[in-house]
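Note sheet for the following structure.
We did not get these values from a lab; they are worked out from the coordinates using the rules stated. All figures in this text were calculated on a predicted structure; none of them were measured in a lab. Counting neighbours? That spans all protein chains shown, and the Cβs are built from the backbone with ideal geometry, glycine included.
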Amino acid sequence: MLVIRLQHPDDAEPAWALFKTNTSAEWAHGEWSQVLPLAAGQQVVVLIPSREVLLTQTSINAQNQKQLKQALPYALEDGLIQELETQHIAWQMQAQSSQVNVAIIEQARLREWLAACLARQIRPYAILPDVFALPWTNDSVTLWQQGDAIWLRTGELSGYAATETSLALMLHSLIDGRSEPLRLRLYMEQENTLADDTRFLIEPETQAEVLNLSSLQPSLGLNLLKGLQAENRAQLKQQWQRWKLVASLALLTAMLGLAFIGLDVYRLKQELAQLDTQNTQLYQELFPDSPAPDARELKSRLDSDLMRVNNGATGGANSPLASMAHFATAMQGVPNVKIMEINSSAGTLTIKVQTQEQQAIETLRANLEQNPAIPVSIQSSNNAGQVEATINLGANS
């Protein structure tokens, strides 16, 4: 077991004690680079300042753990200054008793300690208040003063951090009503007069830099990490209930958006299929002797047939093939124009077309007039919203 003691979450100089096969270990002090190799394969216990943890007791008559868990917050609520919802509670029942030992710490602070450990690649098995590092025996109280810190361990699972101003009051509460002197296991770096006080039977502590496994191990029952995952799940559930409506609306909006996108894709596919059909029909009208092409190869087929027409346009003085090739090229940029009839006579190619837009006829005229070698004339009329035009291409146009 590796025990790491921290003064604050960002402590850069931890203290640690490594238990191997022995029942005691000496405290060492240094840097994290010295600690991390020791943590490999070890059960890690992290000690945090006792001033951040309230150790107390309460009495609850509960038949099982579920009843105890439900009743415990109500039993503690009156003794807490902070809101109960912001506190994390770890507990352990005393054997054959209704007494419950309790450790309380702010949830946010506990998560801060845990996050600091995880950030240094330390995954603690337990987090405990550092008062449990003090040696303790059944018939005594341990008082420990080191630097500016003072601890009192009053029981196997009880104790607290004190200050110089509050120490006298705490000691008085321990001896009030006693007829016999209180055994006090004492370690103090500062001079004191407790040895002259007949109300105490002083037992000096001589091994200040030694941690006893027997003093620490019973306190693992108040591991502050107990129940933390359950609290995280409860908070997550509570937050989900709070945001459930918003999340549902967001999901519905996303589904509607996907549905509209799907409809747009379907509409575009239908329009593309319709354009492919129109282009294929136009191709068959221009080149009735050619087999119907697939829409994917329509462009290459059209280029090939136009090249064939252009190459064969010199075959005779009155051949309409050059005019037909020129018309096919002009039609490529004009949508929604339907060819109704194609005739050829005496070198003139006559094509009758139909459309719903006069602008389409004007665009077709502009395209045809780009080749001055092929005369063009167009006569159009508007009949019940349908524009019909007769196009003459060739020598007699």
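At-a-glance table
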read-out: Förster-model FRET efficiency, 30 Å R0, Lys244 and Glu106, C-beta, rounded to 0.05; value: 0.65
read-out: Cα lying deepest toward the dipole's positive end in the chain, options Leu245, Gly30, Trp91, charges on Cβ; value: Leu245
read-out: Selected from Leu171, Gly262, Gln207, residue furthest toward positive end of dipole (the chain; charges at beta carbon); value: Gly262
read-out: Difference of contour (0.36 nm per residue) and Cα-Cα distance, Leu298 to Leu268; value: 8.9 nm
read-out: Distance (nanometres) between label positions extended 7 Å along Cα→Cβ at Leu169 and Leu252; value: 5.8 nm
read-out: Trypsin sites (Lys or Arg not before Pro) restricted to region 1-92 and DSSP loop, no more than 10 other C-beta within 10 Å; value: Lys20
read-out: Descending Cα extents along the principal axes, region 268-394, whole Å; value: 45, 35, 22
read-out: Two-site FRET efficiency, Asp148 against Gln43, from Cβ-Cβ distance with R₀ of 25 Å, rounded to 0.05; value: 0.20
read-out: Inter-centroid distance (Cα atoms) of region 357-388 relative to region 101-132, Å; value: 86 Å
read-out: Difference of contour (0.36 nm per residue) and Cα-Cα distance, Glu13 to Leu182; value: 57.2 nm
read-out: Cα centroid separation, region 1-51 to region 253-286 (Å); value: 69 Å
read-out: Whole-Hz ³J(HN,Hα) from phi, Karplus 6.51 cos²θ - 1.76 cosθ + 1.60, for region 158-173, glycine and proline x; value: 9, x, 6, 8, 10, 10, 4, 6, 9, 4, 4, 5, 5, 5, 4, 5
read-out: Qualifying aspartates and glutamates (Cα of each under 20 Å from Cα of Lys244; at least 8 residues distant if same chain); value: Glu231
read-out: Where labels lie 7 Å past Cα in the beta-carbon direction, separation of Asp197 and Arg51 in nm; value: 2.1 nm
read-out: Set of aspartates and glutamates with alpha-carbon distance to Lys269 below 18 Å, sequence-local pairs under 8 removed; value: Asp294, Glu297
read-out: Estimated [θ] at 222 nm from DSSP helical runs (n ≥ 4, -39500 (n - 2.57)) normalised by residues in the chain, nearest 500; value: -12000 deg cm²/dmol
read-out: GNM top mover of Leu186, Leu245, Leu349 - the chain, alpha-carbon springs below 10 Å; value: Leu349
read-out: Sites Ala384 and Gln332 - FRET efficiency at Förster radius 35 Å, r taken between beta-carbons, to 0.05; value: 0.80
read-out: Gain in span if fully extended, Trp27 to Gln99, counting 0.36 nm per residue against the direct Cα distance; value: 22.6 nm
read-out: Convex hull projection area averaged over all views, region 141-237, Cα basis, nm²; value: 8.8 nm²
read-out: Cα extents of region 1-65 along the three principal axes, largest first (Å); value: 48, 29, 19
read-out: Cα-centred dipole magnitude for the chain, charges only on beta-carbon of K, R (+1) and D, E (-1), debye, nearest 20; value: 1380 debye
read-out: Partners for Lys69 among lysines (Cα-Cα distance below 21 Å; same-chain residues under 8 apart left out); value: Lys226, Lys237
read-out: Calculated diffusion of the chain, Stokes-Einstein form, Kirkwood radius summed over Cα pairs, 4 °C and 1.567 mPa s, µm²/s; value: 43 µm²/s
